[in-house]
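First comes the structure, then the notes that go with it.
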Amino acid sequence: RYLEDTVWCNDRKINSTSGNTIYYETYNRLSTNKATAKPLVKDEEVCREQNDRYTLPGNEKGNGALTYPVGLLTADEAVLAGGVYNTSNSTYYLYTTQHFWLLSPNYFRSSDAIVWCVYGSGVLGFNFVYIPYGVRPSVSLGPGTTFSTGDGSMETPYVVKEG
C-alpha cells in the first residue's frame, strides 16, 4: 500500500556489434566516454521500447512483467549518484563495501551476459551475470508517503507511514 507501481527502465538499446559481441548503449555512454558521460534518466530517453518498461501487470505504460513493484537502479542512476566507471568512490550512498548488481546490460558475448554493477570499493563496473553478487532493491513510494523514524541503516531502517 505504500509502494507505487512505477516504470523500471532498462536501456537495452544496441550501440554496436563486433564479431559475436553486442555492445549496449550504456557501454559506450558510461565506460568508453566516461569523462563526458551524460546519464539518461528520462523515460523517453531510456525506455524506448515497451519491452524495456518493467511494471506490474495491468499497467499499460509497461510490460507487466513484475510480480512486485520493486526494481534495481540503472547504471545511469549510479552515475547520477556519483559513480564513475573504473573509479573508486567511498563518499556516495552507493558505497557499501559490498558488490551488487545494477539493472543495465553492458555487453553480450557468445553466451556470456555482462551487466553493470557497483563493487565494494564504490567502483562502477561490470561483470559476468553468473558472479554471485548481491542486489539492492529500489522502490518508489506512493504520494504522501513519508518516513517517521530511522536513518536507512540495517540497525535503524526507515519506517514509512502514510502522510
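The values are calculated or read from the model by the stated rules, or taken from the named source; none is laboratory data. Worth saying up front: this structure is predicted, and the values here are computed from it rather than measured. A quick note on method: Cβ atoms are made from the backbone with ideal geometry, for glycine too, and the neighbour counts reach across all protein chains shown. Keep in mind that these areas ignore ligands, DNA and RNA; they rest on the heavy atoms of the full protein, side chains included. Shrake-Rupley method; radii C 1.70, N 1.55, O 1.52, S 1.80 Å.
Points worth noting:
- Separation of the range 120-163 and the range 10-81, taken as the distance between their Cα centroids, equals 19 angstrom.
- Ordering T6, T26, L66 by Cα displacement along the dipole of the range 3-77 toward the positive end leaves T26 in first place; charges were set at the Cβ atoms of Lys, Arg (+1) and Asp, Glu (-1).
- Measuring only protein heavy atoms, the 1.4 Å probe finds I131 accessible over about 50 Å².
- Cα gyration tensor shape for the range 1-85, rounded if a/c is under 1.5, else prolate or oblate: oblate
- Value in Å of the Kirkwood radius, where the range 84-126 supplies the Cα pairs that are averaged: 10.7 Å
- Once each of the chymotrypsin sites (Phe, Trp or Tyr not before Pro) sitting in a DSSP loop with at most 11 other beta-carbon atoms within 10 Å is removed, the chain keeps 1-92 as its longest stretch.
- Average Cα contact separation per residue, the chain, under 8 Å, 6 or more apart, as relative contact order %: 22 percent
- Annotation for T67 and S148: the two label points, set 7 Å from Cα along the Cα-Cβ direction, are 3.0 nm apart.
- Pairs of lysines in the chain whose Cα atoms sit within less than 22 Å of one another amount to 6, provided the residues are eight or more positions apart or on different chains.
- Result for the chain in a Gaussian network model with C-alpha springs under 10 Å: among E60, E49, E25, the largest mean-square fluctuation is at E60.
- By the Cβ-Cβ criterion of under 4.7 Å, the unpaired cysteines of the chain are C117.
- Each 10 Å bin from 0 upward holds the following percent of the Cα-Cα pairs of the range 95-163: 18, 35, 26, 17, 4, 0.
- Evaluated over the Cα positions of the chain, the convex hull gives a direction-averaged projected area, one quarter of its surface, of 10.7 nm².
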